[in-house]
Amino acid sequence: MIMEFEEFYKGPRGIAVKILNRIERTDSYLDKLLDVELKSDELNDLDKRFLTELTHGVVRWKTRLDFVIEQFCKNKFAMQDPNIRNAMRVALYQILFLSKIPHAAAVNEAVEFVKKIRGQKAANLVNAVLRNIIRNLNKLPTPDHETDPVQYLSIMYSHPSWMVKRWVERYGLYETEQLLSANNERPTIVVRANSLKTTADELVKLFEERGIRNTRSKYVENFIKVGHLSKIYNLDLFEMGYFSVQDESSGLVVKLLDPKPGEIVIDLCSAPGGKTTFIGELMKNQGKIIAVDKYEHRLNLVKQSCERLGVENVEFIPKDALEVDVEPADKVLVDAPCSGLGVIQKKPDIKWQRELSDIRNLAKTQIELLEKASKLVKNGGVIVYSTCTIEPEENIEVVKEFLSRHPEFKIEDARNYLPSDIVNEEGCMETYPHKHDMDGGFAVRLIKVG
């Protein structure tokens, strides 16, 4: 279908529909589809920013958009052609969430697009539904909060109901609403000043000379928030290796590992390399990092980052982490594959691609990786196990399962390395978007005592 109408997917709105169609039809990730389109010369920088806003916005708010359209669409909305559904979603996202876009422009673009692809009758339907919504903007229907609060939160904050139900049972209604709201915020870009080439103070000065507004992280030294800067990777300072883009929660994991110059450190799940390069910076290129990843093309991303940043003490092993056979190291980082439910703000499509069963299935892999790490660390050495999820089955329950089999390991309190307000009662790092204004994540420091 995409190829059939390729000529009509023009401009940011048309390309947005094409991307959204593909997400519906396949398991493709939004960011990968978007990256392909952003490399095209057909769009200027303004259009590229608009395309990113539209695609992320529609995916982020999909359930709420659909609920509103369904109330005004006499013909069953779900039965419509994907082009019609996604053109209406793109238009309604602009109407509800983008105040600088005139309503008429959003409607007209959708109507003209649908007319070209599906004819006048379909275009008339789109026009009628969208204009009716605009006339009723001050009294749009909402689900009943009292009768079914989970459904209300699921629709109004656009998250799968199974996910909302879990979080309500764990956190209660109020805190779940705060979490859902934080997940729907546009993500803030955070960078890490590269201590091998500059300092955070110098980088702040260079940002300000370029008119880039910034604030220092209150949690991690050398980390700087730069808002929603869309061309961060095009800056000369990035090419020069003065900084990396890395969330604070990811940086905190490395601070918990506490790598020292001269040590041997294994990063079992290295790609795309944010933690590997931070480890290298803290080790001041002294000692050795063994960076492992199953896929060579992903490991090449780590190599490229190391070259750009001047990290020179890394050995690369393109191999499945469970099959690695090297001498025991001082420290091992297991940044485990996980459901990613702590990074929904950055990757809104994750919430629609995950199922409850994924959480349980991933825990098996996570245990296996910890078991492998236990064989790769010296006596007296350290394993840091981390995820970018907030689900207990992938976090503390994995750790408890591992400790039940390995009495030679014990948890060292993360407060020895990290601010106390991101450390839970069990001594593990736990971060949340709504509490700490960073990605949700988990990390634990395990000492091999005998």
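The values are calculated or read from the model by the stated rules, or taken from the named source; none is laboratory data. Quantities reported herein were computed from a predicted structural model and do not represent experimental measurements. No Cβ is skipped: glycine too gets one built from the backbone with ideal geometry, and neighbour counts run over all protein chains shown. SASA here: full protein model, heavy atoms, side chains in, ligands and nucleic acids out. Shrake-Rupley method; radii C 1.70, N 1.55, O 1.52, S 1.80 Å.
In the range 17-31, which residues are closer than 18 Å to Trp61 by Cβ, touching a residue at least 40 places away in the same chain (Cβ under 8 Å) and more than 17 Å from the chain's Cα centre (by Cα)?
Val17, Leu20, Asn21, Glu24
Residue under question is Glu312, and the condition is that it be in contact with a helix residue (DSSP H, G or I) (Cβ under 9 Å, 6 or more places away or on another chain), open to solvent by 60 Å² or more (accessible area, probe 1.4 Å) and closer than 30 Å to Lys197 by Cα; does it hold?
Details: in contact with a helix residue (DSSP H, G or I) (Cβ under 9 Å, 6 or more places away or on another chain): yes; open to solvent by 60 Å² or more (accessible area, probe 1.4 Å): yes; closer than 30 Å to Lys197 by Cα: yes.
Answer is yes for this residue.
Give Val245, Val220 a once-over and let me know the one that is modelled with pLDDT of 95 or more and open to solvent by 30 Å² or more (accessible area, probe 1.4 Å). Before the answer, list the steps.
Details: Val220 fails: open to solvent by 30 Å² or more (accessible area, probe 1.4 Å).
Testing whether each residue is modelled with pLDDT of 95 or more and open to solvent by 30 Å² or more (accessible area, probe 1.4 Å) leaves just Val245.
Can you find even one residue in the range 51-62 that is polar (S, T, N, Q) and open to solvent by less than 10 Å² (accessible area, probe 1.4 Å)? Give the derivation first.
If we filter the range 51-62 for residues that are polar (S, T, N, Q), which is where we start, we get 52, 55.
With the extra rule that they be open to solvent by less than 10 Å² (accessible area, probe 1.4 Å), the set shrinks to 55.
Taking every residue of the range 51-62 in turn, at least one turns out to be polar (S, T, N, Q) and open to solvent by less than 10 Å² (accessible area, probe 1.4 Å).
Within the set of pairs 6+ apart or on separate chains, which have a first residue in the range 128-157 that is over 20 Å from Val58 (Cα atoms), a second that is of a type in the set (Gly, Ala, Ser), and C-beta atoms under 7 Å apart?
Val150/Ser161
I'm told Glu175 meets every condition in (1) open to solvent by 40 Å² or more (accessible area, probe 1.4 Å); (2) part of a helix (DSSP H, G or I); (3) touching a residue at least 24 places away in the same chain (Cβ under 8 Å); (4) farther than 30 Å from Glu393 by Cβ except one. Can you identify the failing condition by its number?
Condition not satisfied by Glu175: (4).
For residues that are under 17 Å from the mean Cα position of the chain (by Cα) and over 15 Å from Pro392 (Cβ atoms), tally how many sit in the range 421-434.
First pass over the range 421-434, keeping only residues under 17 Å from the mean Cα position of the chain (by Cα): 430-434.
When the remaining residues are screened for being over 15 Å from Pro392 (Cβ atoms), the result is 433-434.
Adding up the residues that qualify gives 2.
Kindly indicate the residue of the range 372-413 that is aliphatic (A, V, I, L, M) and touching a Lys or Arg at 6+ places or on another chain (Cβ under 6 Å) and also nearest to Gly440 (Cα to Cα) among those meeting that condition. Before you say what the answer is, go through the steps one by one.
Going through the range 372-413, the residues aliphatic (A, V, I, L, M) turn out to be 373, 376-377, 382-384, 390, 396, 398-399, 403, 411.
Narrowing further to those that are touching a Lys or Arg at 6+ places or on another chain (Cβ under 6 Å): 377, 382, 384.
Values: Val377: 27, Val382: 23, Val384: 17 Å.
So the residue we want is Val384.
So is Ile359 β-branched (Val, Ile, Thr), in a helix (DSSP H, G or I) and touching an Asp or Glu at 6+ places or on another chain (Cβ under 7 Å) or not?
yes
Looking only at the range 248-267, which residues are in a loop (DSSP other than H, G, I, E, B) and buried (at least 24 other Cβ atoms within 10 Å of the Cβ)?
Pro259
Scan the range 222-236 for residues that are over 21 Å from Arg49 (Cα atoms) and either among the small types (Gly, Ala, Ser) or not in a loop (DSSP other than H, G, I, E, B) (or both) and jot them down.
Phe223, Ile224
Name the single residue that is farthest from Lys48 (Cα to Cα) among those in the range 197-214 being touching a helix residue (DSSP H, G or I) at 6+ places or on another chain (Cβ under 9 Å) and free of Cβ contacts under 8 Å to residues at least 40 places away in the same chain.
Leu206
Restricting attention to the range 272-315, which residues are β-branched (Val, Ile, Thr) and either within 16 Å of Gly241 (Cβ to Cβ) or assigned to a helix (DSSP H, G or I) (or both)?
Pass one, the range 272-315, residues β-branched (Val, Ile, Thr): 276-277, 279, 289-290, 292, 302, 311, 314.
If the condition is that a residue be β-branched (Val, Ile, Thr) and either within 16 Å of Gly241 (Cβ to Cβ) or assigned to a helix (DSSP H, G or I) (or both), then Thr276, Thr277, Ile279, Val302, Val311, Val314 are the ones that fit.
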